[in-house]
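Read through the structure below, which is laid out as structure tokens, and then see the notes.
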């Protein structure tokens, strides 16, 4: 991945400077291409802007003309969504679950991947395939038994249950990715530390984990977005609405709002739910793209 | 001495992840096969083994067949549309300028477009479902509002409420959601093509269309294959969009396997029947992945 980034940087340097013609001209084909590119950009972004604009309108304004801009900025929609519609609670739950889930996923997948990548033992390749087999099948196939496993362990309707299940379902990809990553790290440093009398645990936490930081960041971003956006698992495992996560609470609100008619509150909720993930993405676009496509580009 | 120490490390590091994974991931998949052979409704402690009864019923269930048909239609249309549009956009972004002096020239603002196209992909599919349900709202949604604004007051489809349109409306949302990811995936492939290859083609008088079909596509075939498999898996799922936007309707026109399974389990309490459905879908997924990988196999072109 590092080399790919380097190549991209050097290419940009080469095109960016000293070549005024680059990116311009090319005749009618380019103009048509540009038109399509702009069109898709508008299609991508307009629905999101519409949600934000509608979140600042009043209900009558929303009903009167979906294309109008807000007459005045009604921030009270956000307060109503946060308090009355419990978006605040859902937000807090999501932060807890995803925080716990990502940390636990990183820790457990790094431990498993480290051993699978760097130790020789009998069950090694069997265990490796056991883990990555989980990448192939959608969750809904195991939905019914999963529901009862979680119930029987007394973890139904609990955020702890969600953390454990999120982590378990994040392991296959994370282990797969990190095993490949640990294999690329040099042996020598760990060997030297071992000769100096360093224990295996110390080598792992003090030497290997810091060296694996770029890989852990990619896996962390991938899982952060995946777990933040999780819908099916909480829908099945949690039905007490004080424990809802954001995506689930919002979908539920959309159904209720159909009757209550608080459309502006719903759009405010939508905006609150979209904002954190779009901000994280806007800040770290390159890394997010790399993290999310990491599996596909292996 | 050294050996036992090493074994302790291996066990110590693997115990927790293997346990968690076995309990919550592996064991449910295995149990699904057993539950599929029962008439279990969840509440009663007694579980009656009914052999293949669920499967017999399933194959006679018209809603299940309708769901499978919709999944198969998605399986064909979703990859074709998404890969088609994604390839077109990626090619325009990266290679439309053609090679000059050893560089593949992209259009101006290529990076900006890639960032914007990726926006829908980072959002939760549930949130996208809620958003698009509102966009499709026949009375005060964005789409019919646009039609009214350009003077088409007569043309006010009810989108998700129209049996002929609902499926395509769902497909459009899935395409909208995924394009950005595939543009990035194909871009990575295109960037890895040596500029000298494209330059040689242009010197030999190849047109842009020829470059696209004869050079770009064969050279990024691996990425296209990956995309096909990912999109196939997405087409067999489609749960959140269907559950939130249409509930499988109208008249089962957007019913899909995942949602029908969910309804049977958690609305009707038919856990055995739902598990049987899971098993069938599992087999279908496996068969289709194997088929896709075989059918699209080509000599890998090294460069």
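The values are calculated or read from the model by the stated rules, or taken from the named source; none is laboratory data. From a predicted model like this one, the values you see are computed outputs, not experimental measurements. FYI the Cβ positions are ideal-geometry reconstructions off the backbone, even for glycines, and counts take in every protein chain you see.
Laid out as a table, the results:
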| item | result |
| --- | --- |
| Residue in segment B:284-296 that is surrounded by the most Cβ atoms within 10 Å (Cβ to Cβ), counting only those that are over 18 Å from residue B:74 (Cβ atoms) and under 17 Å from the mean Cα position of the chain (by Cα) | B:293 |
| Residue check, residue B:256 in contact with a helix residue (DSSP H, G or I) (Cβ under 9 Å, 6 or more places away or on another chain), within 11 Å of another protein chain (Cβ to nearest Cβ), under 27 Å from residue B:229 (Cβ atoms) and at pLDDT below 90 | no |
| Selection status of residue B:65, farther than 30 Å from residue A:120 by Cα, in contact with a helix residue (DSSP H, G or I) (Cβ under 9 Å, 6 or more places away or on another chain) and at pLDDT 90 or above | yes |
| Breaking point among (1) more than 9 Å from chain B (Cβ to nearest Cβ); (2) at negative phi; (3) part of a loop (DSSP other than H, G, I, E, B), for residue A:162 | (3) |
| Candidate set: segment B:133-143, residues that are more than 7 Å from chain A (Cβ to nearest Cβ) and outside any loop (DSSP other than H, G, I, E, B); chosen: the one farthest from the chain's Cα centre (by Cα) | B:143 |
| Condition broken by residue A:137, with the remaining ones in (1) within 10 Å of another protein chain (Cβ to nearest Cβ); (2) touching a helix residue (DSSP H, G or I) at 6+ places or on another chain (Cβ under 8 Å); (3) in a helix (DSSP H, G or I); (4) free of Cβ contacts under 8 Å to residues at least 24 places away in the same chain satisfied | (3) |
| Of all residues in segment B:265-274 being touching a helix residue (DSSP H, G or I) at 6+ places or on another chain (Cβ under 8 Å) and part of a helix (DSSP H, G or I), the one that is surrounded by the fewest Cβ atoms within 10 Å (Cβ to Cβ) | B:266 |
| Selected residue (only one of A:153, A:107, A:116, A:96 is modelled with pLDDT of 90 or more, within 23 Å of residue A:236 (Cα to Cα) and either exposed (fewer than 14 other Cβ atoms within 10 Å of the Cβ) or at the interface with chain B (Cβ under 9 Å from one of its Cβ atoms) (or both)) | A:153 |
| Qualifying residue in segment B:66-88 (condition: surrounded by 14 or more Cβ atoms within 10 Å (Cβ to Cβ), without any contact (Cβ under 8 Å) to a residue 60 or more places away in the chain and under 30 Å from residue A:33 (Cβ atoms)) | yes |
| The lone exception for residue A:198 - which of (1) modelled with pLDDT of 90 or more; (2) outside any helix (DSSP H, G or I) it fails | (1) |
| Which numbered condition residue A:38 misses (of (1) surrounded by 15 or more Cβ atoms within 10 Å (Cβ to Cβ); (2) facing chain B (nearest Cβ under 10 Å); (3) at pLDDT 90 or above) | (1) |
| Residue A:44 touching a helix residue (DSSP H, G or I) at 6+ places or on another chain (Cβ under 7 Å), within 12 Å of chain B (Cβ to nearest Cβ) and part of a helix (DSSP H, G or I) | yes |
| Considering residues of segment B:101-119 that are modelled with pLDDT under 55 and in contact with a helix residue (DSSP H, G or I) (Cβ under 8 Å, 6 or more places away or on another chain) only, the residue farthest from the other protein chains (Cβ to nearest Cβ) | B:102 |
| Criterion violated by residue B:262 - all others in (1) closer than 30 Å to residue A:256 by Cβ; (2) more than 9 Å from chain A (Cβ to nearest Cβ); (3) part of a helix (DSSP H, G or I) satisfied | (2) |
| Single unsatisfied condition, residue A:277 versus (1) free of Cβ contacts under 8 Å to residues at least 12 places away in the same chain; (2) surrounded by 15 or more Cβ atoms within 10 Å (Cβ to Cβ); (3) assigned to a helix (DSSP H, G or I) | (1) |
| Selection within segment B:224-236 - facing chain A (nearest Cβ under 9 Å) and crowded, with 24+ Cβ neighbours inside 10 Å | B:236 |
| Those residues of segment A:227-251 which are in a helix (DSSP H, G or I) and surrounded by fewer than 20 Cβ atoms within 10 Å (Cβ to Cβ), in sequence order | none |
| Test for residue A:126: is it more than 30 Å from residue A:55 (Cβ to Cβ) and more than 7 Å from every other protein chain (Cβ to nearest Cβ) | yes |
| Residue ID - farthest from the chain's Cα centre (by Cα), chosen from residues in segment B:150-169 that are within 24 Å of residue A:65 (Cα to Cα) and away from chain A (no Cβ under 14 Å) | B:154 |
| Verdict on residue A:67 being without any contact (Cβ under 8 Å) to a residue 40 or more places away in the chain, more than 23 Å from residue B:124 (Cα to Cα) and either surrounded by 15 or more Cβ atoms within 10 Å (Cβ to Cβ) or touching a helix residue (DSSP H, G or I) at 6+ places or on another chain (Cβ under 7 Å) (or both) | yes |
